[in-house]
1. How long are the three semi-axes of the equivalent ellipsoid of segment 154-310, in whole Å, if each is the root of 5 times an eigenvalue of the C-alpha gyration tensor, listed from largest down?
2. Starting at the first residue of segment 242-247, write each ³J(HN,Hα) from the Karplus equation 6.51 cos²θ - 1.76 cosθ + 1.60 with θ = phi - 60°, in whole Hz, x for Gly and Pro.
3. Summing Lys, Arg as +1 and Asp, Glu as -1, what charge do residues with Cβ under 14 Å from the Cβ of residue 303 carry, residue 303 excluded?
4. Percent relative contact order of segment 134-250, based on C-alpha pairs within less than 8 angstrom and at least six residues apart?
5. Taking Cβ-Cβ under 4.7 Å as the only way to count a partner, pick out the unpartnered cysteines of the chain.
6. Using label points projected 7 Å from each Cα along Cα→Cβ, tell me how many nm separate residue 221 and residue 133, to one decimal.
7. Given axes a ≥ b ≥ c from the Cα gyration tensor, I'd like to know whether segment 154-230 is rounded (a/c under 1.5), prolate (a/b larger than b/c) or oblate.
8. Taking 30 Å as R0, compute the FRET efficiency from the Cβ-Cβ separation of residue 38 and residue 104 and round it to 0.05.
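Derivation of every value follows stated rules applied to the coordinates shown; laboratory data play no part. Note that the structure is predicted; figures quoted are calculated from it, not measured. Quick reminder, even Gly has a Cβ in these numbers, built from the backbone with ideal geometry, and neighbours come from all protein chains shown.
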Amino acid sequence: MVIMTSSMTFQPVLERIAAEIERTPGRGRPADYIPALAACDPRSFGMAVAELDGTVYGVGDWREPFSTQSLTKVFTLALDLAREGDELWEHVGREPSGNPFNSLIQLEYENGIPRNPFINAGALVVTDRLQTRTGDAAGELLAFLRSESGNPALDFDQQVAASEASHGDRNAALAHFMASYGNIDNPIPVLLDQYFRQCSVTASCADLALATTFLARHGIRADGTRLLTQSQAKQVNAVMLTCGTYDAAGDFAYRVGLPGKSGVGGGIIAVVPGRCTLCVWSPGLDERGNSVAGVAALDRFTTLTGVSVF
Ligand code: DON
């Protein structure tokens, strides 16, 4: 193990990890329930580390844009929490669900209040509330990602959004069911349109590592202004650790030891509070919807460097 000191660069460790991943057979399968994602090459692999001053290290396909999907749930949570504060937690919980990310089963037992903001039901509630407060939840998200990453070219992928909308029965069912409990404010078609556009944002590992640094800076944005209080940044990181990788969150915490959030596009973002952020991308998923090579690479990163929250 190489214990990192603050003067060391992350580049050599990223190159070592990429070489190890290259030799690893069996990288899972790209998501196929959103047809536009099924065509991704499962052998793509990129990884980036961003330091708090904006320095970024990267390896492999780290500048290649990919579909962010559920990674965006971290940013919509932060944007809504910044506006409404603790009232949000009356509408969405913060316990791990132990169920798949698109499961309906707990909603009826728990009166339409989703377990946490990172399963699809919880993310729909967050986007609905952000939509009520801003009139354009997906637009707010995109503006935030552009400014934090310093990349004004980030955009929605209309083809991915349309592909997901045409196969969106399960998300529509979740939204309608929660609406029956009074936990959705906006018309369902408006909410689904916002949510599918949110999930369709395309960005690279470099963009996403940079966009996540506000969580490592305890709530401070790239321009020095504050989005979240220090306490709220701690809360978002904690919910990422316990709920960010769905029914694999325990195993992810055990292997990686960092707050992390996965998406079915194959991306994972992770936070080392006070130190740096990471984003890894490889489209092959395990049966729980987490990138196989992505989790392996983060596991190797924290093991090789000793950088983790534990
Ligand atoms: O709503 C969906 O099913 C997708 N747009 C996002 C799901 C996702 O990324 C879950 N992550 N592993």
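1. Numbers: eigenvalues 155, 73, 52 Å².
Values for segment 154-310, descending: 28, 19, 16 Å.
2. 8, 10, x, 10, 6, 6
3. Details: positive: 16, 255, 300; negative: 20, 299.
Summing Lys and Arg as +1 and Asp and Glu as -1 gives +1.
4. On the way: 104 pairs, mean separation 32.7, N = 117.
Taking the mean separation of contacting Cα pairs over the length of segment 134-250, I get 28 percent.
5. Isolated Cys, the chain: 40, 199, 243, 276.
6. Distance between label points: 1.3 nm.
7. Values: a/c = 3.34, a/b = 1.57, b/c = 2.13.
Oblate.
8. Working: r = 23 Å, r/R0 = 0.78.
Taking R0 as 30 Å, the efficiency between residue 38 and residue 104 is 0.80.
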